[in-house]
Amino acid sequence: MRLFVNGEERAFSEVSTVAALIASLGLDPRKVAVERNLEIVPRSTYARAGVADGDRIEIVHFIGGG
Amino acid sequence: MTQAALNPEVAVEDVWTLAGRVFRSRLIIGTGKYKDYALNAAAAEAAGAEIVTVALRRVNLSDPSQPMLVDHVKPDRFTFLPNTAGCYSAEEAVRTLRLAREAGGWDLVKLEVLSNTKHLYPDMEETLRALKMLVAEGFSVMAYCTDDPVFCRKLEDAGACAIMPAGAPIGSGLGVQNPVNIRLIVEQSTVPVLVDAGVGTASDATVAMELGCDAVLTNTAIAEAKDPVRMARAMKHAVIAGREAYLAGRMARRLYADPSSPLGGLI
(Lines give C-alpha, C1' and ligand atoms only; values in the text may rest on other atoms or scores of the structure.)
Protein backbone atom coordinates (compact mmCIF):
# COMPACT_ATOMS: atom_id res chain seq x y z
CA MET A 1 0.00 0.00 0.00
CA ARG A 2 1.26 3.45 -0.89
CA LEU A 3 0.55 6.41 1.36
CA PHE A 4 1.53 10.05 1.09
CA VAL A 5 2.81 10.85 4.59
CA ASN A 6 3.77 14.46 5.18
CA GLY A 7 3.98 14.95 1.44
CA GLU A 8 6.29 11.96 0.95
CA GLU A 9 5.15 8.87 -0.95
CA ARG A 10 5.98 5.73 1.02
CA ALA A 11 5.16 2.05 0.76
CA PHE A 12 3.71 0.22 3.76
CA SER A 13 2.82 -3.39 4.33
CA GLU A 14 0.56 -4.74 7.06
CA VAL A 15 -0.50 -1.25 8.09
CA SER A 16 -4.27 -0.94 8.11
CA THR A 17 -4.93 1.56 10.90
CA VAL A 18 -3.62 4.95 11.94
CA ALA A 19 -2.30 3.38 15.16
CA ALA A 20 -0.29 0.85 13.17
CA LEU A 21 1.01 3.56 10.85
CA ILE A 22 2.23 5.68 13.78
CA ALA A 23 3.88 2.66 15.35
CA SER A 24 5.59 1.67 12.11
CA LEU A 25 7.05 5.18 11.86
CA GLY A 26 8.43 4.94 15.41
CA LEU A 27 6.33 7.84 16.71
CA ASP A 28 4.69 8.32 20.10
CA PRO A 29 0.93 8.64 19.49
CA ARG A 30 0.54 10.88 22.54
CA LYS A 31 2.79 13.53 20.98
CA VAL A 32 1.32 13.85 17.51
CA ALA A 33 -1.87 14.82 15.72
CA VAL A 34 -3.03 13.15 12.54
CA GLU A 35 -4.98 14.32 9.53
CA ARG A 36 -6.22 11.86 6.91
CA ASN A 37 -7.28 13.33 3.57
CA LEU A 38 -7.76 16.73 5.25
CA GLU A 39 -9.94 15.28 8.05
CA ILE A 40 -8.73 15.23 11.67
CA VAL A 41 -8.35 11.73 13.10
CA PRO A 42 -9.17 11.99 16.82
CA ARG A 43 -6.49 10.35 18.97
CA SER A 44 -9.08 8.17 20.67
CA THR A 45 -9.87 6.54 17.31
CA TYR A 46 -6.35 5.71 16.09
CA ALA A 47 -6.77 1.98 16.78
CA ARG A 48 -9.84 1.66 14.59
CA ALA A 49 -9.28 4.48 12.06
CA GLY A 50 -8.37 2.79 8.80
CA VAL A 51 -5.87 3.89 6.18
CA ALA A 52 -6.26 3.04 2.52
CA ASP A 53 -4.06 3.05 -0.57
CA GLY A 54 -3.41 6.58 -1.82
CA ASP A 55 -4.40 8.33 1.42
CA ARG A 56 -2.78 11.65 2.17
CA ILE A 57 -1.72 11.62 5.81
CA GLU A 58 -0.30 14.51 7.80
CA ILE A 59 1.39 13.79 11.11
CA VAL A 60 2.30 16.90 13.07
CA HIS A 61 3.57 17.87 16.50
CA PHE A 62 4.41 20.94 18.53
CA ILE A 63 7.77 22.59 17.99
CA GLY A 64 9.23 25.86 19.23
CA GLY A 65 7.54 28.96 17.87
CA GLY A 66 6.61 32.52 18.77
CA MET B 1 -5.43 54.70 51.52
CA THR B 2 -6.79 51.20 51.74
CA GLN B 3 -5.31 48.52 53.96
CA ALA B 4 -4.28 46.63 50.84
CA ALA B 5 -2.37 49.60 49.48
CA LEU B 6 -0.60 50.21 52.80
CA ASN B 7 0.42 46.61 53.18
CA PRO B 8 1.19 44.83 49.92
CA GLU B 9 1.27 41.52 51.79
CA VAL B 10 -2.49 41.61 52.21
CA ALA B 11 -3.13 43.08 48.76
CA VAL B 12 -5.56 41.18 46.60
CA GLU B 13 -3.52 39.11 44.21
CA ASP B 14 -3.19 40.83 40.86
CA VAL B 15 -4.34 38.18 38.44
CA TRP B 16 -5.82 38.28 34.96
CA THR B 17 -8.39 36.07 33.33
CA LEU B 18 -8.07 34.67 29.84
CA ALA B 19 -10.90 32.66 28.33
CA GLY B 20 -12.12 31.74 31.81
CA ARG B 21 -8.72 30.72 33.16
CA VAL B 22 -6.89 32.74 35.78
CA PHE B 23 -3.19 33.53 35.36
CA ARG B 24 -0.70 35.22 37.67
CA SER B 25 2.15 35.76 35.26
CA ARG B 26 1.63 38.54 32.74
CA LEU B 27 4.51 37.41 30.57
CA ILE B 28 3.91 34.92 27.77
CA ILE B 29 7.03 33.72 26.06
CA GLY B 30 7.64 32.11 22.70
CA THR B 31 9.61 28.93 22.19
CA GLY B 32 11.22 29.70 18.83
CA LYS B 33 14.82 30.56 17.93
CA TYR B 34 16.43 29.09 21.08
CA LYS B 35 19.76 27.27 20.77
CA ASP B 36 18.05 24.18 22.16
CA TYR B 37 14.94 23.15 24.06
CA ALA B 38 16.80 22.87 27.38
CA LEU B 39 17.77 26.55 27.25
CA ASN B 40 14.22 27.31 26.20
CA ALA B 41 12.84 25.53 29.25
CA ALA B 42 15.30 27.34 31.56
CA ALA B 43 14.25 30.71 30.09
CA ALA B 44 10.57 29.88 30.53
CA GLU B 45 11.20 29.08 34.19
CA ALA B 46 13.25 32.25 34.71
CA ALA B 47 10.50 34.31 33.07
CA GLY B 48 7.98 32.88 35.51
CA ALA B 49 5.81 32.24 32.48
CA GLU B 50 2.64 30.19 32.76
CA ILE B 51 1.86 30.27 29.04
CA VAL B 52 4.22 29.53 26.16
CA THR B 53 3.46 29.80 22.47
CA VAL B 54 4.21 26.82 20.27
CA ALA B 55 4.11 26.13 16.55
CA LEU B 56 2.74 23.09 14.78
CA ARG B 57 4.82 21.38 12.11
CA ARG B 58 5.20 18.04 10.36
CA VAL B 59 7.13 15.45 12.36
CA ASN B 60 10.51 14.50 10.94
CA LEU B 61 9.87 11.02 9.54
CA SER B 62 13.50 10.35 8.75
CA ASP B 63 14.56 10.87 12.39
CA PRO B 64 11.71 10.27 14.83
CA SER B 65 14.17 10.25 17.74
CA GLN B 66 15.18 13.91 17.42
CA PRO B 67 14.56 16.13 20.49
CA MET B 68 10.95 17.08 21.03
CA LEU B 69 9.70 20.31 22.58
CA VAL B 70 7.29 18.52 24.92
CA ASP B 71 10.14 16.55 26.47
CA HIS B 72 11.72 19.79 27.74
CA VAL B 73 9.00 22.43 27.94
CA LYS B 74 6.36 20.26 29.54
CA PRO B 75 2.68 20.71 28.78
CA ASP B 76 1.78 19.88 32.39
CA ARG B 77 3.96 22.78 33.60
CA PHE B 78 3.04 25.39 30.97
CA THR B 79 -0.16 26.17 29.12
CA PHE B 80 0.64 25.64 25.46
CA LEU B 81 -0.67 28.33 23.16
CA PRO B 82 -0.54 26.97 19.61
CA ASN B 83 0.01 29.58 16.94
CA THR B 84 -0.61 29.75 13.20
CA ALA B 85 2.74 31.28 12.30
CA GLY B 86 3.44 30.78 8.63
CA CYS B 87 -0.22 30.79 7.61
CA TYR B 88 -1.25 33.28 4.93
CA SER B 89 -4.94 32.42 4.56
CA ALA B 90 -7.86 31.82 6.90
CA GLU B 91 -8.21 28.23 5.64
CA GLU B 92 -4.56 27.40 6.41
CA ALA B 93 -4.91 28.89 9.88
CA VAL B 94 -8.10 26.99 10.69
CA ARG B 95 -6.63 23.71 9.40
CA THR B 96 -3.52 24.23 11.53
CA LEU B 97 -5.48 24.98 14.68
CA ARG B 98 -7.80 22.01 14.25
CA LEU B 99 -4.68 19.84 14.29
CA ALA B 100 -3.26 21.81 17.22
CA ARG B 101 -6.43 21.25 19.19
CA GLU B 102 -6.09 17.54 18.58
CA ALA B 103 -2.39 17.56 19.49
CA GLY B 104 -2.78 19.65 22.62
CA GLY B 105 -6.29 18.80 23.67
CA TRP B 106 -7.44 22.32 24.35
CA ASP B 107 -9.14 25.23 22.66
CA LEU B 108 -7.06 28.30 23.50
CA VAL B 109 -5.12 29.35 20.41
CA LYS B 110 -3.18 32.25 18.97
CA LEU B 111 -4.37 33.27 15.53
CA GLU B 112 -1.99 35.02 13.20
CA VAL B 113 -2.64 35.26 9.50
CA LEU B 114 0.30 36.93 7.84
CA SER B 115 0.47 39.08 4.75
CA ASN B 116 4.05 39.01 3.51
CA THR B 117 7.47 37.95 4.69
CA LYS B 118 9.05 41.41 4.76
CA HIS B 119 7.15 42.96 7.65
CA LEU B 120 5.03 39.95 8.75
CA TYR B 121 2.14 42.27 9.48
CA PRO B 122 -1.13 40.40 9.84
CA ASP B 123 -3.64 40.41 7.01
CA MET B 124 -6.53 41.72 9.04
CA GLU B 125 -9.26 40.81 6.55
CA GLU B 126 -8.13 37.16 6.59
CA THR B 127 -7.58 37.29 10.35
CA LEU B 128 -11.16 38.41 10.94
CA ARG B 129 -12.48 35.74 8.55
CA ALA B 130 -10.44 33.02 10.28
CA LEU B 131 -11.52 34.29 13.69
CA LYS B 132 -15.19 33.91 12.81
CA MET B 133 -14.62 30.36 11.52
CA LEU B 134 -12.70 29.40 14.68
CA VAL B 135 -15.19 30.93 17.09
CA ALA B 136 -17.95 28.99 15.30
CA GLU B 137 -15.95 25.81 15.99
CA GLY B 138 -15.63 26.56 19.69
CA PHE B 139 -12.06 27.85 19.83
CA SER B 140 -10.95 30.56 22.27
CA VAL B 141 -8.98 32.81 19.97
CA MET B 142 -6.28 35.29 20.88
CA ALA B 143 -5.89 37.43 17.79
CA TYR B 144 -2.56 38.84 16.67
CA CYS B 145 -3.37 42.10 14.91
CA THR B 146 -2.24 45.49 13.75
CA ASP B 147 -2.49 48.35 16.23
CA ASP B 148 -5.61 49.73 14.51
CA PRO B 149 -8.26 50.37 17.19
CA VAL B 150 -11.05 50.11 14.62
CA PHE B 151 -10.06 46.63 13.51
CA CYS B 152 -9.36 45.61 17.09
CA ARG B 153 -12.95 46.48 17.94
CA LYS B 154 -14.13 44.29 15.06
CA LEU B 155 -12.06 41.41 16.42
CA GLU B 156 -13.57 41.76 19.86
CA ASP B 157 -17.07 42.00 18.40
CA ALA B 158 -16.40 38.79 16.45
CA GLY B 159 -15.54 36.97 19.67
CA ALA B 160 -11.76 37.18 20.13
CA CYS B 161 -10.85 36.28 23.73
CA ALA B 162 -7.79 38.54 23.63
CA ILE B 163 -6.54 41.33 21.37
CA MET B 164 -2.84 41.20 20.58
CA PRO B 165 -1.60 44.22 18.64
CA ALA B 166 1.96 44.23 17.34
CA GLY B 167 4.16 46.79 19.05
CA ALA B 168 6.49 46.62 16.04
CA PRO B 169 7.18 43.98 13.35
CA ILE B 170 7.75 40.41 14.61
CA GLY B 171 11.37 39.86 15.55
CA SER B 172 12.34 43.52 15.00
CA GLY B 173 12.94 44.39 18.65
CA LEU B 174 11.99 48.00 17.93
CA GLY B 175 9.70 48.41 20.93
CA VAL B 176 6.20 49.89 21.04
CA GLN B 177 6.12 52.18 18.00
CA ASN B 178 2.64 53.59 18.49
CA PRO B 179 1.83 53.98 22.17
CA VAL B 180 -1.17 56.19 21.38
CA ASN B 181 -2.89 53.37 19.51
CA ILE B 182 -2.02 50.75 22.12
CA ARG B 183 -3.57 52.97 24.79
CA LEU B 184 -6.70 53.50 22.69
CA ILE B 185 -7.03 49.74 22.20
CA VAL B 186 -6.58 49.12 25.93
CA GLU B 187 -9.21 51.74 26.76
CA GLN B 188 -11.86 50.37 24.43
CA SER B 189 -11.36 46.63 25.01
CA THR B 190 -13.27 44.49 27.48
CA VAL B 191 -11.08 41.43 26.81
CA PRO B 192 -7.36 41.23 27.68
CA VAL B 193 -4.99 43.25 25.48
CA LEU B 194 -1.42 42.04 24.99
CA VAL B 195 1.42 43.60 23.08
CA ASP B 196 2.63 40.76 20.90
CA ALA B 197 5.71 41.31 18.75
CA GLY B 198 8.26 44.08 18.72
CA VAL B 199 9.56 43.90 22.28
CA GLY B 200 13.37 44.18 22.13
CA THR B 201 14.43 44.62 25.73
CA ALA B 202 13.01 44.93 29.23
CA SER B 203 12.00 48.60 29.00
CA ASP B 204 9.83 47.84 25.94
CA ALA B 205 7.82 45.36 28.00
CA THR B 206 7.50 47.93 30.78
CA VAL B 207 6.19 50.53 28.32
CA ALA B 208 3.54 48.09 27.09
CA MET B 209 2.42 47.36 30.65
CA GLU B 210 2.45 51.05 31.64
CA LEU B 211 0.04 51.66 28.79
CA GLY B 212 -2.36 49.30 30.55
CA CYS B 213 -1.84 46.08 28.65
CA ASP B 214 -2.88 42.96 30.55
CA ALA B 215 0.21 41.05 29.48
CA VAL B 216 3.12 40.95 27.06
CA LEU B 217 4.15 38.24 24.63
CA THR B 218 7.77 38.07 23.58
CA ASN B 219 10.03 35.54 21.94
CA THR B 220 13.03 36.95 20.05
CA ALA B 221 14.03 39.47 22.75
CA ILE B 222 14.74 36.57 25.10
CA ALA B 223 15.85 33.92 22.61
CA GLU B 224 18.35 36.21 20.86
CA ALA B 225 19.76 37.82 24.01
CA LYS B 226 23.37 36.87 24.74
CA ASP B 227 22.13 35.37 28.00
CA PRO B 228 18.52 34.30 27.39
CA VAL B 229 17.87 33.11 30.95
CA ARG B 230 19.02 36.44 32.36
CA MET B 231 16.90 38.36 29.83
CA ALA B 232 13.93 36.19 30.73
CA ARG B 233 14.39 37.24 34.35
CA ALA B 234 14.71 40.89 33.28
CA MET B 235 11.46 40.60 31.31
CA LYS B 236 9.70 39.14 34.33
CA HIS B 237 10.70 42.13 36.45
CA ALA B 238 9.98 44.58 33.62
CA VAL B 239 6.42 43.33 33.26
CA ILE B 240 5.86 43.50 37.02
CA ALA B 241 7.34 47.03 37.13
CA GLY B 242 5.16 48.24 34.27
CA ARG B 243 2.05 46.71 35.78
CA GLU B 244 2.74 48.25 39.19
CA ALA B 245 3.41 51.65 37.62
CA TYR B 246 0.16 51.44 35.66
CA LEU B 247 -1.81 50.54 38.78
CA ALA B 248 0.00 53.21 40.81
CA GLY B 249 -1.01 55.89 38.29
CA ARG B 250 1.80 58.02 36.96
CA MET B 251 2.21 61.71 37.76
CA ALA B 252 1.05 64.31 35.28
CA ARG B 253 3.56 65.48 32.71
CA ARG B 254 4.63 69.10 33.06
CA LEU B 255 6.33 71.28 30.52
CA TYR B 256 8.59 72.96 33.09
CA ALA B 257 10.42 72.13 36.30
CA ASP B 258 8.69 71.84 39.65
CA PRO B 259 11.11 71.76 42.62
CA SER B 260 10.96 68.74 44.88
CA SER B 261 12.35 70.62 47.92
CA PRO B 262 10.17 73.29 49.58
CA LEU B 263 10.96 76.89 48.65
CA GLY B 264 9.95 78.23 52.11
CA GLY B 265 12.60 78.53 54.84
CA LEU B 266 15.51 79.05 52.46
CA ILE B 267 18.49 80.66 54.24
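A few remarks follow.
- Odd one out for B:T127, checked against (1) closer than 18 Å to B:L194 by Cβ; (2) among the polar types (S, T, N, Q); (3) outside any helix (DSSP H, G or I): (3)
- Comparison of B:G105, B:G159 shows that the only residue that is without any contact (Cβ under 8 Å) to a residue 12 or more places away in the chain and either on the phi > 0 side of the Ramachandran plot or buried (at least 18 other Cβ atoms within 10 Å of the Cβ) (or both) is B:G105.
- Within region B:19-43, the set of residues being more than 10 Å from chain A (Cβ to nearest Cβ), closer than 29 Å to B:A160 by Cα and in a loop (DSSP other than H, G, I, E, B) comprises B:A19, B:G20, B:R24, B:S25, B:R26.
- Picking from residues in region A:1-55 that are charged (D, E, K, R) and within 11 Å of chain B (Cβ to nearest Cβ), the one that is nearest to the chain's Cα centre (by Cα) is A:E35.
- The residues of region B:44-65 that are more than 10 Å from every other protein chain (Cβ to nearest Cβ) and in a loop (DSSP other than H, G, I, E, B), listed by number, are B:G48, B:A49, B:E50.
- Taken over region B:140-186, the criterion of being of a type in the set (D, E) and part of a loop (DSSP other than H, G, I, E, B) is satisfied by B:D147, B:D148.
- Of the residues A:R2, A:R30, the single one that is of a type outside the set (A, V, I, L, M) and either more than 30 Å from B:T220 (Cα to Cα) or surrounded by 14 or more Cβ atoms within 10 Å (Cβ to Cβ) (or both) is A:R2.
- Hits in region B:251-267 (condition: within 27 Å of B:L211 (Cα to Cα), hydrophobic (A, V, I, L, M, F, W, C) and over 36 Å from the mean Cα position of the chain (by Cα)): B:A257
- Residues within region B:85-120 that are more than 21 Å from B:P169 (Cα to Cα) and either in a helix (DSSP H, G or I) or among the aliphatic types (A, V, I, L, M) (or both), tallied: 14
- Selection of region B:94-113 for residues being modelled with pLDDT under 95 and more than 9 Å from chain A (Cβ to nearest Cβ) yields B:W106, B:D107.
- When we screen B:A136, B:A143 for residues that are of a type outside the set (V, I, T), buried (at least 24 other Cβ atoms within 10 Å of the Cβ) and more than 14 Å from chain A (Cβ to nearest Cβ), the only hit is B:A143.
The values are calculated or read from the model by the stated rules, or taken from the named source; none is laboratory data. The shown structure was predicted, so the numbers you read here are calculated from the model rather than taken from an experiment. No Cβ is skipped: glycine too gets one built from the backbone with ideal geometry, and neighbour counts run over all protein chains shown.
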